[in-house]
Number of protein chains: 4
Amino acid sequence: MGGNSTGYVFRLHTFGESHGPAIGGIIDGCIPGLNIDVEKVQNQLDRRKPGQSEISTQRKESDVVQFLSGIFEGVTTGTPIGFQLLNEDQRSGDYSNLKDTYRPSHADFTYEAKYGIRDHRGGGRSSARETACRVVAGAVAQQILDLANIKVTAFVSQVGSVRMKNDHPGIDLSGIDANPVRCPESSTAAEMKELIAQLMDEGDTIGGIITCHISGCPAGLGEPVFDKLHAELGKAMLSINAVKGFEVGSGFSSVSMKGSEHNDAIYNEDGKIRTRTNFSGGIQGGISNGETIWFKVAFKPVASIRKIQETVNSSGESQELSVKGRHDPCVVPRAVPIVEAMASLVIVDFCLRSQTINFNFKS
Amino acid sequence: MGGNSTGYVFRLHTFGESHGPAIGGIIDGCIPGLNIDVEKVQNQLDRRKPGQSEISTQRKESDVVQFLSGIFEGVTTGTPIGFQLLNEDQRSGDYSNLKDTYRPSHADFTYEAKYGIRDHRGGGRSSARETACRVVAGAVAQQILDLANIKVTAFVSQVGSVRMKNDHPGIDLSGIDANPVRCPESSTAAEMKELIAQLMDEGDTIGGIITCHISGCPAGLGEPVFDKLHAELGKAMLSINAVKGFEVGSGFSSVSMKGSEHNDAIYNEDGKIRTRTNFSGGIQGGISNGETIWFKVAFKPVASIRKIQETVNSSGESQELSVKGRHDPCVVPRAVPIVEAMASLVIVDFCLRSQTINFNFKS
Amino acid sequence: MGGNSTGYVFRLHTFGESHGPAIGGIIDGCIPGLNIDVEKVQNQLDRRKPGQSEISTQRKESDVVQFLSGIFEGVTTGTPIGFQLLNEDQRSGDYSNLKDTYRPSHADFTYEAKYGIRDHRGGGRSSARETACRVVAGAVAQQILDLANIKVTAFVSQVGSVRMKNDHPGIDLSGIDANPVRCPESSTAAEMKELIAQLMDEGDTIGGIITCHISGCPAGLGEPVFDKLHAELGKAMLSINAVKGFEVGSGFSSVSMKGSEHNDAIYNEDGKIRTRTNFSGGIQGGISNGETIWFKVAFKPVASIRKIQETVNSSGESQELSVKGRHDPCVVPRAVPIVEAMASLVIVDFCLRSQTINFNFKS
Amino acid sequence: MGGNSTGYVFRLHTFGESHGPAIGGIIDGCIPGLNIDVEKVQNQLDRRKPGQSEISTQRKESDVVQFLSGIFEGVTTGTPIGFQLLNEDQRSGDYSNLKDTYRPSHADFTYEAKYGIRDHRGGGRSSARETACRVVAGAVAQQILDLANIKVTAFVSQVGSVRMKNDHPGIDLSGIDANPVRCPESSTAAEMKELIAQLMDEGDTIGGIITCHISGCPAGLGEPVFDKLHAELGKAMLSINAVKGFEVGSGFSSVSMKGSEHNDAIYNEDGKIRTRTNFSGGIQGGISNGETIWFKVAFKPVASIRKIQETVNSSGESQELSVKGRHDPCVVPRAVPIVEAMASLVIVDFCLRSQTINFNFKS
């Protein structure tokens, strides 16, 4: 109800503001007997953390996860996994001038409208810092999916107008972490990086797209009607800060296609039912068909810009605002592990919801 | 869990297959004391029903709603509202040839993969017939929203490549039902209609986009983090049959915008905090800011086409398939009330979830 | 939220007032592939229905269940099972004098306090007629439990001060339906019947206790902390009309026992871990231990009595009231299938929630 | 689903084992703008903590709560309240001999049956230490209820066979904390204390009953059918470690009463509808009637006893066991704040679920 929980069986509850003592969460419903590789969790956190490269914010946060329960001698016990990340480098002073001012296209005004009160330091609960907790839980979820050879991989497919030639299933994804943009086409990555650097210089920001592929998912995953697999994926992606759009498979491009072009012809490949094309995005009627699930997530440009903007303060008086602090010129490179985390949470939850697929990680 | 329920406080549970005795549902959590206008409910059902115009399926269903509980002497009592629509014109014979064949880009294969069994008649539970129940509940929700002057209006903004010049908040929406396409720009509507008629002749189908505006929504509606207002709207829309994409406000077009272009400057209009532009789509940080909420929903072309397609049967043998029966060449005109229904369900649910906004329909 | 749903995976949603057109419900989350024996469902309904014997109300309701979806050619498809029971013999006239009067120890005043409006006919939603829907769903649940040889059996163990000599696990339960009281000790049953008949003559009513045994339940069922197996059983029983108390195993009698008397010694019986005594009621730490689960449910005397009572009307004026109509002198004989239904719903839900026990009805 | 959450609107999620680094939780759905009195929270924790008196365990835990989020400058912000209590005095060594042995009437065997693995140190998740988190959340809930003058008060009404002369609403509750047993009748308290001290000497334990009164609750609170007010209270109480029974109002004693004795006659007291007696326990049809809500909770004797018991180890071999460590001879004195906490959580949750009662702490 409160909006700080996700999942039905594999559940994540989170807490924490960007400038309180800590952020953290509880993972409830994890399978028992899982060997937790804490290093893999930390690795995903490191891919998300600020200050990784010259094209991201220079704010430093070590973001070390501490597990508090649910793991005994390195193995999950089936009881809730509590965890926290201490907040460091809390330069609240950076934000004191924002105490009474609403930053344009931030959540300052809306949180105050909703709650009548807000922790203005760094955006409080609305800060993207909260997504670190998602990455922790997502990295645990991925370790369960690994047992079933389900692989979730996200990458940057567009920055501004610079886009990959091909981001469809089947492309080589090995080069994602070879560059700070996390785009597997190296030449496109170079162009993206140049564009981001240019905007950084201008004190401006730019949007981007992350594409995600989920391979190895068996047919029959998902639920009918309201909880369709792509509906839950969509909700999960749209819950990430700065996301403005979601599309699965052919997505918005399907609009101008004919049925005869768009339908995925079905054939038998050595006893496995497959489709010739994959405009469906691996999902039909809300349930997986065994093809690679793929979708795109649109991120708006970061709202914190150095350029002068028009706004009002909490007394309704006009203000000119230039947002200081250390912000990202483009959020998508750091958002790649967040998209992977949310996708992993959704998929593992559907796996555990399924009463009919017998995954090897279920007894 | 089962996927056939939606909402947290204002909940809808549905049941029914396209060719069983009836479809129906239960609305739980409706406010007491609401005068139900059954004619308005029926009117929305009529906008959805097949056979309305020359560009829709000629299948006839009267779709008359029967309320079974929760309404006493025309007024809701606060107890659950049970309702049903009897299934008529069940030409199951039309489907007997599909018993063992998987229609491309339908849910035939995936339902069988999930459940190991399926009611093949007309798609069973995966049929869009199920959306009639959503329209009933949505029309009840709209009557609550009416009390708070919140207005949900959807319309067709694109068919194939034919699109409206402007579908943003502020346009004149009065002409939506003046044409069978439900596009408020009459000249564009005429083009759309021509395109649909042409595809109907070809035995083919085409996709489209529905845009939805929600006006009158106060600032402060929505929940943080996982249940953001646009995340729930997105999930609701993506749960509608044939939907492949969702975007709020600037959506995918934000990707190539700079922060300085995209940020919505804030000003004080006679004591009300407003924004100069509305790229945010009326939602910031997952919470409404008092501007018109607007979003777009992408529908793929209908999968049932007369043209010959490649597929397999349940024994895995290759088949050639031409889908007979009476299908729509383009789903968006009939999907307008479905989008309105789902949007109304989401908004009224957030209104009732809100602990801080005192709507006049709450005591 | 609305309070008309129960279960997490195997869910039941109900609707309906005692004097509307119908009552009914939706079972969501039933396993696919189950052969539904409709006669068994009807048999449980018949055990609950009024007018069965000379010691129950003479009101006649045929209570025939109609299934509307989710069952195809006699087999469940995994999609929601909609069902309804038409209301018959609606002598609303019997209740017209109650329109403005609050019956003592009924829900008349509290429903009006909550909703500001009530359907006064026969208690509306608060009528025990609603429990017929629970019996339908419970009878479906029992058919799943049958597949795993889990057996839920309830019986009357006390009426007024007449109680069974022994109602603990291990007794012979074969005679339950051999008498109209549903007490397996025939001599005690005769005394109970006499007591009820006497109160019927007096225009008065009496309370009673139902004991329930659940055998065949494997160890490891239940969830920790808030959703303990006996906590969910307790909630389910306390949700039945007229129930005032619940106890599991030793229950209230444990209060005056010493730990050394109460602890269930553990031993190894041919490789199965068992306990010498079963004061725990088959549940330890909220999780089943493989012994027979057993609990008791206390029902207060029926509130509808012919005797004159003091009350007020909705204007707050004093009234003398004698409740006419056709009411039961003692509710427990008819409540036996209701207790069985609720227990079956709880147990099957925990079976489907379990991620670690591989029941044979799960794939 | 995982069983570690409670509540619908005011939700509590908990984590932690008795011998891990910390236990803690998240309160989601708390109203914004509440001045948190941390001292009051700590005071309830102190009433629960071990080592308070000569008749409780001498184990020492300081149990200091740390709030990590959701409170800004002493006031709740509406965002989730994370909190933790560090585990101290972890003499895991005390438990090493229990690693492979199942303690009778503990959850050792059942947790292992369920999860296939268990943290054996001090009972792990099944330890009553977990209830400290409930006390924290309950104490926050009580501060909301204070704003509406709803008062939740629990006390010990029976230890072994020593019981209060009268524990019904209306008695003087001022003396509860005047003695270590927390029984408001001082002479009865002295007898109880003597009995407990005697059992402590014997290395044995004894059960008890806690009675709880909730005054100031307006009529109209609760939900119909499955989520009746007393059903949720019952579930909450039955979820507390060692609880075997629950009864509301007349409870089990109603069984041998006639309807004419049991019905609560209704009268008008200066414009307020009241009842002459309160056998209903302040709840009718699952909804409060404005009278004092009252119920009883039965606790079995503590299972950890020094006396030699029969059990088996995890290899199934017979063992003789004497549980060392520092355990309580009777749990009820320390369980009083736990009962108050769970009752407060249930009541505040129903207050926030209510769409029709306008509490002064809602906007």
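The values are calculated or read from the model by the stated rules, or taken from the named source; none is laboratory data. All of these numbers come straight from a predicted model, not from anything done at the bench. For neighbour counting, all protein chains shown are included, and Cβ atoms are generated from backbone atoms with ideal geometry for every residue, glycine included. These area figures cover heavy atoms from the full protein model, side chains too; ligands, DNA and RNA do not enter into them. Shrake-Rupley method; radii C 1.70, N 1.55, O 1.52, S 1.80 Å.
Which angle from 0 to 90°, rounded to the nearest 10, does the C-alpha axis of helix C:229-238 make with the longest principal axis of chain C?
10
Strictly greater than 52 Å: what percent of every Cα pair in the protein assembly as shown meets that?
26
Angle, helix D:38-48 long axis vs. longest principal axis of chain D, Cα atoms, 0 to 90°, nearest 10?
60
As a test of the definition: with a 1.4 Å probe, what buried accessible area, both sides summed, do you compute for C against D, in Å² to the nearest 100?
Using a 1.4 Å probe on protein heavy atoms, the buried area is about 8200 Å².
What share of Cα pairs, in percent, lie more than 16 angstrom apart in the stretch B:21-84?
53
Enter the mean number of other protein chain beta carbons within 10 Å of the beta carbon of each residue in A:301-314, as an integer.
Mean number of neighbouring Cβ atoms from other chains: 5.
When the convex hull of the Cα atoms of the stretch C:147-207 is projected onto a plane and the area is averaged over all directions, what value comes out in nm²?
Projected over every direction and averaged, the Cα hull of the stretch C:147-207 covers 4.9 nm².
For a quick protection proxy, order the peptides A:67-74, C:103-110, C:285-292 by their average other-Cβ count within 10 Å, most packed first.
Result, highest mean first: C:103-110, C:285-292, A:67-74.
List the pair-distance distribution P(r) of the stretch B:262-347, using every Cα-Cα distance, as the percent of pairs falling in each 10 Å bin from 0 up to the bin containing the longest distance, rounded to whole percents.
Histogramming the stretch B:262-347 at 10 Å steps yields 13, 26, 21, 17, 13, 8, 2, 0 percent.
About its Cα centre, how strong a charge dipole does chain B have in debye, to the nearest 20, once Lys and Arg get +1 and Asp and Glu get -1 at the Cβ?
320
Can you figure out the FRET efficiency of B:Arg276 with D:Ser186, using R₀ = 51 Å and their beta-carbon distance, to the nearest 0.05?
Computed FRET efficiency for B:Arg276 and D:Ser186: 0.10.
Using a Gaussian network for chain C with springs between C-alpha atoms less than 10 Å apart, which of these wobbles most: C:Ala335, C:Ala197, C:Ala154?
Greatest mean-square fluctuation among the candidates belongs to C:Ala197.
Picking from D:Gly207, D:Gly33, D:Gly124, which is most flexible by a Gaussian network model of chain D using Cα springs under 10 Å?
Result: D:Gly33 has the largest fluctuation of those listed.
Please give the peptides C:266-278, B:48-60 ranked by average Cβ packing (other Cβ atoms within 10 Å per residue), highest first, as a rough proxy for protection.
Ranked by mean Cβ neighbours within 10 Å, highest first: B:48-60, C:266-278.
Kindly provide the helix-only [θ] at 222 nm of chain D, computed as the sum of -39,500 (n - 2.57) over DSSP H runs of four or more divided by all residues, to the nearest 500 deg cm²/dmol?
-7500 deg cm²/dmol
Excluding D:Gln355 itself, calculate the net charge of residues whose Cβ lies under 13 Å from the Cβ of D:Gln355, where each Lys or Arg counts +1 and each Asp or Glu counts -1. Don't skip to the answer; put the middle values down first.
Details: positive: B:Arg11, B:Arg353, B:Lys362, C:Lys114, D:Arg353, D:Lys362; negative: B:Asp28, B:Asp349, D:Glu223.
Cβ neighbours under 13 Å give a net charge of +3.
On average, how many beta carbons from a partner chain sit within 10 Å of the beta carbon of a residue in C:268-280? Don't jump to the answer; show the numbers that get you there.
Working: counts 7, 1, 0, 1, 1, 9, 1, 5, 2, 2, 0, 4, 7.
The per-residue average across the peptide is 3.
For chain D, what Kirkwood radius comes out of the mean inverse Cα-Cα distance, in Å?
That comes to 21.5 Å for chain D.
Taking the highest mean first, how do the peptides B:323-332, B:235-244 order by number of other beta carbon atoms within 10 angstrom per residue?
So the peptides B:323-332, B:235-244, ranked by packing, come out B:235-244, B:323-332.
What is the Å³ per residue value for the convex hull set by the Cα atoms of the stretch A:138-257?
It comes to 153 Å³ per residue, whole-number rounded.
May I ask for the percentage of alpha-carbon pairs in the stretch A:236-300 that lie more than 16 Å from each other?
54
Would you mind giving the mean number of other chain beta-carbons within 10 Å of the Cβ of each residue in A:30-42, as a whole number?
Working: counts 2, 3, 8, 4, 0, 0, 0, 0, 0, 0, 0, 0, 0.
If you average over the peptide's residues, the count of other-chain Cβ atoms is 1.
When the Karplus curve 6.51 cos²θ - 1.76 cosθ + 1.60 is applied with θ = phi - 60°, which whole-Hz ³J(HN,Hα) does each residue of the stretch D:136-153 get, with x for Gly and Pro?
4, 5, x, 6, 5, 4, 4, 5, 6, 4, 4, 5, 9, 6, 8, 10, 9, 9
Take the cross-link list C:Lys165/D:Lys235; A:Lys40/A:Lys362; B:Lys99/B:Lys296; C:Lys151/C:Lys296; C:Lys258/D:Lys165 and give me the ones stretching past 24 Å between alpha-carbons.
Check vs 24 Å cut-off fails for C:Lys165/D:Lys235; B:Lys99/B:Lys296.
Which of these, D:Lys228, D:Lys258, D:Lys40, has the largest mean-square fluctuation under a Gaussian network model of chain D (Cα springs below 10 Å)?
Taking springs between Cα atoms under 10 Å, the residue moving most is D:Lys258.
Towards the positive end of the charge dipole of chain C, with charges on Cβ (+1 Lys, Arg; -1 Asp, Glu), say which of C:Thr188, C:Phe246, C:Ile23 has the farthest Cα.
Working it through, the farthest residue towards the positive pole turns out to be C:Phe246.
In whole Hz and in residue order, list the ³J(HN,Hα) couplings for the stretch A:101-111 that follow from phi through the Karplus curve 6.51 cos²θ - 1.76 cosθ + 1.60, θ = phi - 60°; x for Gly and Pro.
10, 8, 6, x, 6, 9, 9, 4, 5, 5, 4
Relative contact order for chain A using alpha-carbon pairs under 8 Å, separation at least 6, rounded to a whole percent?
RCO, chain A: 22 percent.
In the stretch C:5-353, with Lys and Arg counted as +1 and Asp and Glu as -1 at Cβ, which of these residues, C:Ala154, C:Ser314, C:Val75, has the Cα nearest the positive end of the dipole, that is, farthest along it?
Towards the positive end, the residue furthest out is C:Ser314.
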